[in-house]
1. Which pairs turn up if I take residues in region C:253-277 that are in the same structural domain as residue C:402 (by TED's automatic domain parsing) and over 16 Å from residue C:217 (Cβ atoms) and look for partners that are in a helix (DSSP H, G or I) and modelled with pLDDT under 90 with beta carbon separation below 7 Å, at least 6 apart in sequence or on another chain?
2. For region A:117-195, which fully contained helices (runs of 4 or more DSSP H) count at least 1 residues that are more than 14 Å from chain C (Cβ to nearest Cβ), without any contact (Cβ under 8 Å) to a residue 60 or more places away in the chain and out of contact with any helix residue (DSSP H, G or I) (no Cβ under 9 Å at 6 or more places or on another chain)?
3. When only residues in region C:372-383 that are in contact (Cβ under 8 Å) with a residue 40 or more places away in the chain and out of contact with any strand residue (DSSP E or B) (no Cβ under 8 Å at 6 or more places or on another chain) count, which is surrounded by the most Cβ atoms within 10 Å (Cβ to Cβ)?
4. Mind checking which residues of region B:146-164 are more than 7 Å from every other protein chain (Cβ to nearest Cβ), surrounded by fewer than 22 Cβ atoms within 10 Å (Cβ to Cβ) and touching a residue at least 24 places away in the same chain (Cβ under 8 Å)?
5. From the list C:368, C:343, C:414, exactly one residue is in a helix (DSSP H, G or I), surrounded by 18 or more Cβ atoms within 10 Å (Cβ to Cβ) and more than 14 Å from chain A (Cβ to nearest Cβ). Which is it?
6. For residue B:167, are the conditions met, namely being surrounded by fewer than 21 Cβ atoms within 10 Å (Cβ to Cβ) and free of Cβ contacts under 8 Å to residues at least 40 places away in the same chain?
7. Quick one: is residue C:129 surrounded by fewer than 24 Cβ atoms within 10 Å (Cβ to Cβ), over 21 Å from residue C:232 (Cβ atoms), modelled with pLDDT of 90 or more and away from chain B (no Cβ under 14 Å)?
């Protein structure tokens, strides 16, 4: 077999110095990465565990605190509130984004044959712009649009005879504003993945469906969806990972307000560490966040990916 | 060897997305042979156009805000087109722009290069060799943890360490932080790109007496070059756009990056809307041009691993 | 072939970037840190009109002395934490701190600033600063303010910064309406009455900074004190569960109800604009940055009180020199220059940044241009300071958050004050700040 031949060749090759042999290269190529990750990730996490066992005031260590930070972390209402609204926002925003993105992908797919390829490229580029744009700027754009008296959204509402909403001044309004902004930024991303997936689908099942005389809806439900499901799951996973990290655009648009109604996990944790300068508490809380992430990943794994080869 | 390369090059069209879907794709949601559009198609057209308007209008709003004077911005109801075009915001923003642009640039390029070099090598090794579970498992665990968890979690202890080492508020410190997040991303992406280059090519060279290094540098890398480009572009994009690290790892213009400088215009005290909008426009115009020019690479980068 | 070229290009880019990074790290582009003796001095400032006035003047200083001054701007909360980080680290990011007066306990009390008399025996008291403005830079704080734990009340007081911007909470109101209904705005009951009368006129009766944090708590101070409440007892435990504090919060919520929609997101920006555009009848606004933009229909007076006593709240900005600064003499030169009469007259003449010198606040020419200067001076002299504790930023965070919840009816005022009190007490105990 080829691989046997290869193995023999590798071992018996004349003129290949030991240092260039597969054995060495195999590890030489991988060790820098492991080292970097150990130094930049594992060491800081270890440091964090140690720091979480000390008390801090104004950013300086003031003594050994034992588990006091951990106890405070579990009692920290601000922190758990942050976890709650992050999950709430995710659960509301992500499904809607998936649906709209899928609808858009199918819509574009169905008219794509009427468009010359350059126009198609252009349309895809334009759709992608909100995702590529600096998220800080997106936050600024939507802050402008949602201003109570001078923003466009309420102006539009009044023109359509809808009641004006207190977007940035009420908790529900602010979260709604964050979600609307999220649609603008992230639907392009999901769309792109789903659209590429749609385009890569094989034709035979569609031929068969046509021959069977199934309607558009039936084709969609019985052919498209099942074939697209791995792509949908991947898009969902990627989207979830990024949703829980939300920071830049919220920082720019609301700063976490009004009050603490848009203090998502990233904002709250950053606030504890860099504004309150209570690193002990922050270090304990970040571990809780890490555990939560693992839990969610495990949940996804069991829900969607069990039995399926996860692309890793 | 050259023949193999050429055969592979022609197959590499599989790595790109078809820019014009073959005609048969219309069978996906509509029956074939359609000269006159059905109502479904009208709905699709309307949907796509509405979405494009939804996408472009906020950008238009930013542009006109940047051209209005501060007084005109604070007007109710808002004007849909500036009454007097004023470039004052741009002038004010442009005065301090240079240093932040430089900082962002250095940090982005530096961290991406390091991440690309280390990550590509590791990715190659991971796709071509078998490792004991401890080694590959460890690496994957670290990669996935960084890739999936919230960046703030790493920034907090990293800040404390950098501060102790005197690397707080330095470009080097920032680069280290961005390498931390860039490296797993590169490994993740390059593993999927390398998996698309068949090992048989490697074997062909090795059997002929070439070294593994020759295989890597002369065969595999050039073949994966489009993927490399996509990966580098994506990594640079995320670093360039990032606010979080810049906000907390810098304290003055020595190391402050562009997004941080923009956010500085937002204050509860007296928000300088005109400058803010101008800064926003200046910051995103390169992005928009980028999207138009290298759309293919972006798409590849974004969909890598998601779509086979 | 192409492969070699590819690698060559990559190598060149790599080398160039590393070169750039090395240069950039040393600030070769002219914006170096304050470590080197020939480079500029870095000042951390607040992003607002006060800082703008200083930034405009700085080139004059550079011309006279050859010392370049660079400014790094931050939002209010960020500024505090960045300054603390710089003060407590071995490698400072800023030479000079621009500080709000409630931060003085942290910086002066923590020993992070140079006393002014360190520089050739400079006597801050004999410079002509308005006493109401200068006293906030004194540490230990003057009586009758409670002293934080660990500070010796009998230690010789020093001044640790020089005041640059005179600010004190002032009451802005629509003079035509007050005249129309014949109401003198001396107590909060008067304020309520006028607000009631403006109902239905399209103008909000009262507007306040409802978005929590420092802004809300600062606006709340005068009301709390007017109703006889206090933030802390003399032992530094929270006094917010007293009936007086509850009455004050209820008054706050009443005032909130007279306000326009979206008030829970209002900061200084929105409140000032509402008053300037005639959309609200009354409100507490800072004179610096706002008084000069008010139309003639808006009058400025001392904040209302109760039972014949009024309680304006001082909010002076000062500049101090970090203890870990590398060029303290040159820093002092700058601060001294900036607060000198001729410079203060310059920025005082613009009106956005109020001067802190008594002579200037009472100066007839300036008062002709800005009639509120005299009133501000009077308020400064009558003003109260916020509790002198390094825990204040945390108190503000907690109390502000609870007040917002009460505004949004997520909690009753009792609950809000209860929770705030508990949290503050826990913080004070855990950080060993109670006596």
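The values are calculated or read from the model by the stated rules, or taken from the named source; none is laboratory data. Just so you know, these numbers come straight off a predicted model, no measurement behind them. Cβ placement follows ideal geometry from the backbone for every residue including glycine, while neighbour counts extend to all protein chains displayed.
1. C:260/C:274; C:276/C:293
2. Qualifying helices (runs of 4 or more DSSP H): A:117-132, A:152-159.
3. C:377
4. Narrowing region B:146-164 to residues more than 7 Å from every other protein chain (Cβ to nearest Cβ): B:147, B:155, B:159, B:162, B:164.
If we keep only those that are surrounded by fewer than 22 Cβ atoms within 10 Å (Cβ to Cβ) as well, we get B:147, B:162, B:164.
Matches in region B:146-164: B:147, B:162.
5. Details: C:368 fails: surrounded by 18 or more Cβ atoms within 10 Å (Cβ to Cβ); C:414 fails: surrounded by 18 or more Cβ atoms within 10 Å (Cβ to Cβ).
Every option except C:343 fails the conditions.
6. no
7. Values: surrounded by fewer than 24 Cβ atoms within 10 Å (Cβ to Cβ): no; over 21 Å from residue C:232 (Cβ atoms): yes; modelled with pLDDT of 90 or more: yes; away from chain B (no Cβ under 14 Å): yes.
No; evaluated as a whole, the condition is false for this residue.
Yes/no per residue for (1) touching a helix residue (DSSP H, G or I) at 6+ places or on another chain (Cβ under 6 Å); (2) at pLDDT below 90; (3) part of a loop (DSSP other than H, G, I, E, B):
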| site | (1), (2), (3) |
| --- | --- |
| C:105 | no, no, no |
| C:142 | yes, yes, yes |
| C:147 | no, yes, yes |
| C:150 | no, yes, yes |
| C:154 | no, yes, yes |
| C:173 | no, no, no |
| C:183 | yes, yes, yes |
| C:191 | no, no, no |
